[in-house]
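**Student:** A single structure is presented below for examination.
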Amino acid sequence: MIEVRNVYKRYRNHYSNGWVLRNVDFTIPRGVSVGLVGRNGAGKSTLLRLIGGMDFPDKGKIVRNCRASWPIGLNGGFQGSMTGRQNVKFVARIHGNGQSVDEIIRQVEDFAEIGGAFDEPIKTYSSGMRSRLAFGLSLAFNFDLYLSDEATAVGDKAFKEKAARAFKERVGQASLIMVSHSEGILKELCQAGIWLNQGEAIWFDSVRDAVDAYHQSIKPA
């Protein structure tokens, strides 16, 4: 279960110091998968980073009563001078939780499908290769909750279908919190929805209702 309690978040820069998220408050029950919808810049990726523990609220708190992944689709955590294999081995030792390091490496290598590049430095990878590696690495661990930031948009058509199948296999075993521009995958994999609008989060028991509310908000006046 995830509890988000009166969370505020902003990033100060030359352009703005307004709140990205304001008084966001909801609870995600165990076993419920949630789709996040909203305009570009609404705070969807920010909310995922906060839930995953990669960033922290300015106000409020987030309670995780489960083992949550980092946001799949964000691949900035790799060490560029290390190879893909070395990066995976390093992460596996930290997050393996009793899983075999060698088995995790094998799973990631098979899933990412990047061939000999697996033993080349990450800094030589294209963005697509980094994303494939990050996706495979995230799915190699037995998390209770998987966070996905446009992860199913990675790669060619065949890899996208493979990514979608991987998420479907997780449904029933673990929960998802998913950001995707593909409303079809949200409706297929998620039960509930959260619409982020002007810094606020509106909960819907049906992801279809959340998508409909978002569409109503962007209709021309």
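No lab work stands behind these numbers, since they all come straight from the coordinates. Please read all numbers here as calculations on a predicted model, not as lab measurements.
**Student:** If you take every DSSP beta bridge fully contained in the chain, what fraction is antiparallel? Give it as a percent rounded to 5.
**Tutor:** So the antiparallel bridges amount to about 50 percent of the total.
**Student:** Right, next: For Cα pairs less than 8 Å apart in space and 6+ apart in sequence, what is the mean separation divided by the residue count of the chain, i.e. the relative contact order in percent?
**Tutor:** 27
**Student:** How big is D, in µm² s⁻¹, for segment 43-129 by Stokes-Einstein at 4 °C and 1.567 mPa s if Rh is the Kirkwood radius over C-alpha pairs?
**Tutor:** 88
**Student:** How much of the calculated P(r) for segment 165-217 lies past 13 Å, in percent of all Cα pairs?
**Tutor:** 59
**Student:** Roughly what % of Cα-Cα distances in the chain sit above 24 Å, to the whole percent?
**Tutor:** Everything past 24 Å amounts to 44 percent.
**Student:** I'd like the per residue volume of the convex hull spanned by the Cα atoms of segment 1-65, given in cubic angstrom.
**Tutor:** Output value, Cα hull per residue: 82 Å³.
**Student:** Less than 26 Å apart at the alpha-carbon level, and either on another chain or at least 8 residues along: which lysines does that give for K157?
**Tutor:** K157 reaches K44, K123, K168, K187.
**Student:** Something else now. Taking the Kirkwood radius as the inverse of the mean 1/r across Cα pairs, report the Rg/Rh of segment 122-194.
**Tutor:** Radius of gyration over Kirkwood radius for segment 122-194 works out to 0.96.
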